[in-house]
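Written out below as structure tokens is the structure these notes cover.
The values are calculated or read from the model by the stated rules, or taken from the named source; none is laboratory data. Here the structure is a predicted model, which means the values were calculated and not measured. A quick note on method: Cβ atoms are made from the backbone with ideal geometry, for glycine too, and the neighbour counts reach across all protein chains shown. To get the accessible areas, we keep the full protein, side chains included, count just its heavy atoms, and leave off ligands, DNA and RNA. Shrake-Rupley method; radii C 1.70, N 1.55, O 1.52, S 1.80 Å.
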Amino acid sequence: MKRSFVVVLIVLFTACGQPADIQQAQEPVGAQAGTLSTTTAPMANTAPEASATYQEARDSAVATVSLAAEKNSTWSTSDALLKQAEAASIEGELDRAIQLADEARWLAELAIKQAETEETLWRDRVLRN
Amino acid sequence: MLFPLRAPQKCLEPKNKENVQVIKVFSFLVLIISQLMAWSALAEPEEDRQAMLSFYEKHFPNVEFQEFANGVYAFDEIARQQWLEIEDFPPYEIAVDEGEAYFNNRFSNGNSYADCFENEGQGVRQNYPYFDTNVGKVITIELAINQCREKNSEKPLPYGKGELAAISSYMAYTSRGNTIDVKVPTNNPAALAAFESGKQFYYSRRGQLNFACSSCHIQAVGLSIRADPLSTTVGQVTHFPAYRARWGEMVTLQRRFAECNFQVRARPLALQSDQYRNLEYFLSFMSNGFELNGPASRR
């Protein structure tokens, strides 16, 4: 019993004593790179091509949101993301701005899909005697 | 040419008396079927209302019919006690007084709101919204107030709160106890279309959270979202405008629609848009037979 307790303690101390770089290496690759998180700001990119890419992404998102609005089915999240994208572009964080604009467009596409499917599905929910 | 053309008249000409008889019978059947289709379309609003009432009666067997006009306070005893305490010093009283003053103020041309409404605007709230057959649109009481202003060369008021909500509160107050009697003209396809549009809005999922109005108020009625119990569809319109404690001010029904839409992460529509007016039309018809008890206080 005593021996096993000592073994457990040694294992614990060994793990806690690992250098920081080894612990970091054990983190998932995606979390390190920040590729899966919208809250992790990537490196600012001020290159002219990135600016053009952002404008393209933004225009595409705005056009898709407008299509959703024609169907009265815009999601407020798209609006919020477009605002955040604009703020990020002003701050010079163009990679992040592109990511946010793309997400806004993607949500607007889902909103349009929702409106299209609801054109008929709503009838199934109507109460009947 | 592969197929020789025949004169159109010849195609339509009956060949003999038997054909004439067949055409007559066919025409009669078409007439009967179209009448039946029209009748079924007209009967639908009332069928919808009966189906909804029946659903809630089964869901809340111990709640009396008129109690549904009190929203969640019809079945949430603790919330009801708090509400009754609040009613001792009703927070909407100030709005009613202000609304009365605004209502009685004369426009610059000497006319007043009383000149625009039946019975000088006293006790008429139960007839709104109605379908205006001349313009082919649903007219809500807030819209009628602004139409009155514009008719008298005054600027329309912002919808949702403030002066307009106060005037609407006063008009609701003078109508307390009157029974909601919203009509869907059975001989008007445009009115039926407006009703249908409101119904579609009510049952359609929207927003990122993918909720329809019916998701909360039918499917999950009586359950709670966080600390807030979900009210029944019937009786929802009876108490507006309402003093909303969360905002500390009077709120019109359509501002509440906008809040609901925002809560499911849908972009709210413009107040008094066609869609919201049609929704109000549908909801108000569902509450036919309930007594008005607005303005009221809500959490």
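In this structure the amide hydrogen of residue B:211, modeled in the peptide plane, comes within under 5 Å of the amide hydrogens of B:206, none closer than 5 places in sequence on its chain. Measuring between alpha carbons in the structure, the pairs from A:71/B:137; A:83/A:113; B:137/B:183; A:83/B:161 lying more than 18 angstrom apart are A:71/B:137; A:83/A:113; A:83/B:161. Summed over qualifying helices (DSSP H, 4 residues or more, each -39500 (n - 2.57)) and divided by its residue number, chain B shows a 222 nm mean residue ellipticity of -14500 deg cm²/dmol. Proximity of backbone amide H atoms, modeled 1.01 Å from N, is registered between residue B:243 and B:251, B:296, B:297, B:298 at under 5 Å, excluding neighbours fewer than 5 places apart on the same chain.
The dipole here belongs to chain B: it is taken about the Cα centre, uses +1 on the Cβ of Lys and Arg and -1 on the Cβ of Asp and Glu, and is about 1560 debye. Highest mobility in the GNM of chain B, judged by mean-square fluctuation with C-alpha springs under 10 Å and restricted to B:111, B:134, B:288, is found for B:134. Solvent exposure of segment A:38-125, expressed per residue, is 54 Å² of accessible area, with all protein chains present and a 1.4 angstrom probe. Here the Gaussian network model covers chain B, with springs between Cα atoms less than 10 Å apart; of B:239, B:217, B:59, B:59 fluctuates the most.
Burial of accessible area (probe 1.4 Å, heavy atoms of protein chains only) in segment B:259-299, relative to its chain alone, reaches at least 50 Å² for B:267. Of B:70, B:104, B:261, the residue with the greatest mean-square motion in the GNM of chain B, using alpha carbon springs below 10 Å, is B:104.
Checking buried surface per residue: for segment A:108-129, which residues lose a minimum of 30 Å² accessible area in the protein assembly relative to the chain alone (1.4 Å probe)? Going by heavy-atom accessible area, the residues of segment A:108-129 that drop by at least 30 Å² are A:114, A:118, A:122, A:125, A:126, A:127, A:129.
Classify segment B:159-299: rounded, prolate or oblate, from the alpha-carbon gyration tensor (a ≥ b ≥ c, eigenvalue square roots; a/c under 1.5 rounded; otherwise prolate if a/b is larger than b/c)? Working shown, then result.
On the way: a/c = 1.39, a/b = 1.01, b/c = 1.37.
Verdict is rounded for segment B:159-299.
Rounded to the nearest 20, the Cβ-based charge dipole of segment B:175-299 about its Cα centre (Lys and Arg +1, Asp and Glu -1) stands at 420 debye.
Let me confirm one metric for peptide A:71-79, namely the mean number of other chain beta-carbon atoms within 10 Å of its residues' beta-carbons. Present the calculation step by step, with values, prior to reporting the outcome.
Working: counts 1, 10, 6, 7, 9, 10, 6, 3, 2.
Partner Cβ neighbours, averaged per residue: 6.
Over all distinct Cα-Cα pairs of chain B, the Kirkwood formula returns a hydrodynamic radius of 21.5 Å. Scaling against 2.2 N^0.38 Å puts the C-alpha radius of gyration of segment A:38-125 at 1.23. On association of chains A and B, roughly 1900 Å² of accessible area becomes buried (total for both chains; probe 1.4 Å). Karplus-derived 3J(HN,Hα) values for segment B:235-244, using 6.51 cos²θ - 1.76 cosθ + 1.60 with θ = phi - 60°, are x, 5, 8, 5, 10, 8, x, 10, 7, 9 Hz; glycine and proline are entered as x. Can you run phi through the Karplus equation (6.51, -1.76, 1.60; θ = phi - 60°) for segment B:282-299 and list ³J(HN,Hα) in whole Hz, with x for Gly and Pro? Those phi angles translate into 4, 4, 5, 4, 4, 9, 3, x, 8, 7, 5, 9, x, x, 9, 10, 9, 5 Hz. Centre-to-centre, using Cα atoms only, segment B:134-199 and segment B:243-299 are separated by 13 Å. Sequentially through segment B:253-267, phi angles give Karplus couplings (6.51, -1.76, 1.60; θ = phi - 60°) of 4, 6, 5, 5, 4, 4, 5, 4, 4, 5, 5, 9, 6, 10, 6 Hz, Gly and Pro residues having no value and appearing as x.
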